[in-house]
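J.: Supplied in structure tokens, the structure appears directly below.
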Amino acid sequence: MVNLVLLATEASHEGGFGLNFNLFETNLINLGIIIGLLVYYGRGFLNKILSERRAQIEQAIQEADQRLQEAEKALAEQQEKLAQAKAEAERIKASAVERAQVTREQIAARAKADVEQMKLTANQDLEAERSRAIAQLRALAVSQALERAEGQIRERLDENSQQQLVDRSLALLGGGS
């Protein structure tokens, strides 16, 4: 390459082919050549860099899409779990309300039965006391009647009349056998 530059400088002095190193005269030509060389040799390098960058961006987009899908899937699962938890809470609440209503009804029925049983027991106790009182009054009346009857029999019956009454009673008992 050094030889090429030397030959070109020699040829330019003699008026033939050569390189012109005057920047103002050769600026556009040099710029065109440099741009052409950059495009020709730099295209592969630039395409490689752009392809790698594009691949990185596409991979980042794919990873972001994958994370988005995973997040949406996790969100759907959590929403489903939340819905199940709400349904379970509603079921538990309904069950508790139902059990409370059943318990309330059982307590009311038990209280009513207890009141009825207490009334029945009170009536039975009252009836038993009444029967006892009647029995005591009867016993008292019978006792008093017997005492009066004995008193009247003693007054009216003498010894002879008593003997005749005993004999008649024995005859009735003996004759009935």
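The values are calculated or read from the model by the stated rules, or taken from the named source; none is laboratory data. Nothing here was measured: the structure is a model prediction, and the numbers come from that model. Surface accessibility is based on the protein's heavy atoms, side chains included, excluding ligands, DNA and RNA. Shrake-Rupley method; radii C 1.70, N 1.55, O 1.52, S 1.80 Å.
J.: Is it fair to say K73 is open to solvent by 100 Å² or more (accessible area, probe 1.4 Å) and modelled with pLDDT of 95 or more?
T.: yes
J.: Taking the conditions exactly as written (open to solvent by less than 100 Å² (accessible area, probe 1.4 Å), at pLDDT 70 or above and more than 60 Å from the chain's Cα centre (by Cα)), does I35 satisfy them or not? If you could, list the steps in order and put the result at the bottom.
T.: Values: open to solvent by less than 100 Å² (accessible area, probe 1.4 Å): yes; at pLDDT 70 or above: yes; more than 60 Å from the chain's Cα centre (by Cα): yes.
Judged against the criteria, I35 is a match.
J.: So which of L120, L126, L170 ends up being at pLDDT 85 or above and either open to solvent by less than 100 Å² (accessible area, probe 1.4 Å) or not in a helix (DSSP H, G or I) (or both)?
T.: None of the other options fit; the residue is L120.
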